[in-house]
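What follows is a set of notes on a single structure, which appears directly below.
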Amino acid sequence: MDVVFTEFPWGVMLILLPLVGGMICLLWPRRGRTLGLVTVFAVALSVVGVAWQMLDTGIYRHAVGGWGAPLGIDLYADGLSLLMLAASALVGLGVSVYSAAYFGREDGTRFWPLWLFLLAALNALFLSGDIFNVYVTFELMGLAAVALVALAGGQNALGGAMRYLLAALLGSLAYLLGIALLYHGFGTVDIALLADRVDASPVAWAALGLMGAGLLLKTAVFPLHFWLPPAHASAPAPVSALLSALVVKASFYILLRLWLEVFEPLVGSDAVSTLLGLLGAMAVLWGSVQALRQSRLKLLIAYSTVAQIGYLFLAFPLAAAAGATAWYAALYLALSHALAKAAMFLAAGNLLHFGGHDRIAGLDRVVQRLPLTAAAFALAGVSIMGLPPSGGFIGKWLMLEAALGQERWDLVAVMIAGGLLAAAYIFKVLGYAFTQADVTHESRAVPVSMEWAALLLALGAVLLGFLAVPVLSLVGIGEPFGVSGVGP
Amino acid sequence: MSTSLLYALVGIGLFSLSLYGLIVHSHLLRKILALNIMGSGIFLVLVALAGRTGEAPPDAVPHAMVITGIVVAVSATALALTLMLKLAAETGRAELPDEGRE
């Protein structure tokens, strides 16, 4: 039994289960909800299986079909991949429970297959060991995500989906041209082999520029964030949660992996990391100010995502001296943002369902009428603001520590300003949630599972504040940052 | 200049030209076409660089990438065209709606 458990190819199941599940959902639409929930649950169990194996053997590597690299496709996972897989599984579970009640029969037949395909693409992306595979999974992910945005129907959602599709395709094509150059220059697409071969030649610089630009566009870093707010704000609530929590993190993950491994000889120069840090700082400030200016809740949350993505990029200029601490900080922020932002969008979905609109000024005493949803929003807000005890606090604290250690006062100021602005826009929403609105609307009951799904995800984000040591030791598997034992 | 280098440069030219087209044209069909031409430019680069092996037979891996890329491009174009038609049916124009309209 034990041997079966430890030898079982859990990593393959992570891709196969949602892919097959999605296809069965297409063929048997009436059972979509049950199939979807069962599949997502099984995927979560498989992540536990992979984690179990990795605790035992370290880095996970599986040659699909017995064909190893460079000809075949290798699945590869270290602590960094495991963290992203776990985040997808957790957020996926919460969103799936929510969606089971959110989507009616008609919409559900479209939602479940697309969501399972998206999950398959995400898992495949996090397990990819070569850059061309990443391109293919990007496209699978992008197509599923765009179709999910368009599910909402109407001019805003279709326009948002179209803008998103054009941006995603442009990003992928720039990335593909980068692959062409890297393959021409170094004769492989395998990340581990490229890490050995890439040197600071013009070909590598051109590839870094193209792939970096493509990935920045996909990650919606300021000023390339223009497509994100319309797409994330107009999608159905569970889809917004998936996009903000997971899909933008996927391209960040690839950027980080390329940065740490493939382009390692190039990033010794400060220019690129300074630029990324500058874009991140601008994103934090611009996104937060825009969030504060919004009158609609979902747009506010979408701009908050732009700001929170900015934080992740502050790690790049800090990592040269702070090393792993800065990366741990960014990853912790990414993980807690995934949970908190999913909770926030789900809570917004509840409010939209309840009141029929998401105008912030029209939130009518929701604290009394939907206490669980209001609590979910507030707890998620605690993590987004970075207040203790929450995952967001640990991430920001580590990042702040790295910045203070290097006397980067500019970055310290940006982080503090971003936290204050986040507090301002979250309290703006909460303030309206406590008071009576000028215009009251008919309200609709919100299913209990939708309230609890949001609340549990928010609690997860807060709970992360207590789990820093075990989580960071999991991330350290395989030493993705080259240095071991640097943590809080 | 060798033939394959010429082809690769043409591919880069197509890429840049269609990037310009993607940005300046507002009609969605033109944007979608620009993305397709951009893809073709990259495929041209891949195939051209695969042929730079001298007397030896060309490298097959970039050809496999091009085939995968074509499959991806066809699916993406299908989705983009469907979205464009839906958007045109909804708004009467095959253009992106102005941002900020509610």
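Every number in this text was worked out from the coordinates using simple rules, so none of it is lab data. Computed from a prediction, not measured in an experiment: that's the story for all the values here. All Cβ positions, glycine included, derive from the backbone under ideal geometry; neighbour counts span all protein chains shown.
Only the Cβ atoms of Lys and Arg (+1) and of Asp and Glu (-1) were treated as charged; on that basis the dipole of region A:294-488 about its Cα centre amounts to roughly 340 debye. Packing around the peptides A:38-47, B:71-80, taken as the average count of other Cβ atoms within 10 Å per residue, puts them in this order, highest first: A:38-47, B:71-80. Counting Cβ atoms of other protein chains within 10 Å of each residue's Cβ and taking the mean over peptide A:159-172 gives 6.
If you rank A:GLU106, A:GLU451, A:GLU479 by fewest surrounding Cβ atoms within 10 Å, what's the result?
Fewest to most other Cβ atoms nearby, the residues stand as A:GLU106, A:GLU479, A:GLU451.
When a/c reaches 1.5 or more, the comparison of a/b and b/c decides; with that in mind, is region A:306-418 rounded, prolate or oblate per its Cα gyration tensor? Cα axes put region A:306-418 in the prolate bin. P(r) tail for region A:236-322, what percent of Cα pairs lie past 18 Å? For region A:236-322, the share of Cα pairs beyond 18 Å comes to 50 percent.
Dipole check for the protein assembly as shown: with +1 at the C-beta of Lys and Arg, -1 at the C-beta of Asp and Glu, and the Cα centre as origin, the magnitude is about 1600 Debye. Counting beta carbons within 10 Å around each of A:TRP452, A:TRP52, A:TRP115 and listing the fewest first gives the order A:TRP52, A:TRP452, A:TRP115.
The count of lysine pairs in the protein assembly as shown whose Cα atoms are under 15 Å apart, excluding pairs fewer than 8 places apart on the same chain, comes to 4.
Per residue of peptide B:72-84, the mean number of Cβ atoms on other chains within 10 Å of the residue Cβ is 5.
Projecting the Cα positions of A:LEU55, B:MET65, A:LEU372 onto the charge dipole of the protein assembly as shown (unit charges on Cβ atoms of Lys, Arg, Asp and Glu, taken about the Cα centre) puts A:LEU372 furthest along the positive direction. Note on chain A: helix-only mean residue ellipticity at 222 nm, from DSSP H runs of 4+ residues weighted -39500 (n - 2.57) and normalised by residue number, equals -25000 deg cm²/dmol. Can you bin region B:3-91 into rounded, prolate or oblate? Criterion: square roots of the alpha carbon gyration tensor eigenvalues sorted a ≥ b ≥ c, rounded for a/c under 1.5, prolate for a/b above b/c, oblate for the rest. Because a/c hits 1.5 or more and a/b fails to exceed b/c, region B:3-91 counts as oblate.
Distance between the 7 Å Cα→Cβ label points at A:ASP196 and B:HIS63: 2.7 nm. Give the shape of the protein assembly as shown as rounded, prolate or oblate, defined through the alpha-carbon gyration tensor: a ≥ b ≥ c are the square roots of its eigenvalues, a/c under 1.5 means rounded, and otherwise the shape is prolate if a/b is larger than b/c and oblate if not. Cα axes put the protein assembly as shown in the rounded bin. Inter-chain neighbour count for B:6-17: the average number of beta-carbon atoms from partner chains within 10 Å of each residue's beta-carbon is 1.
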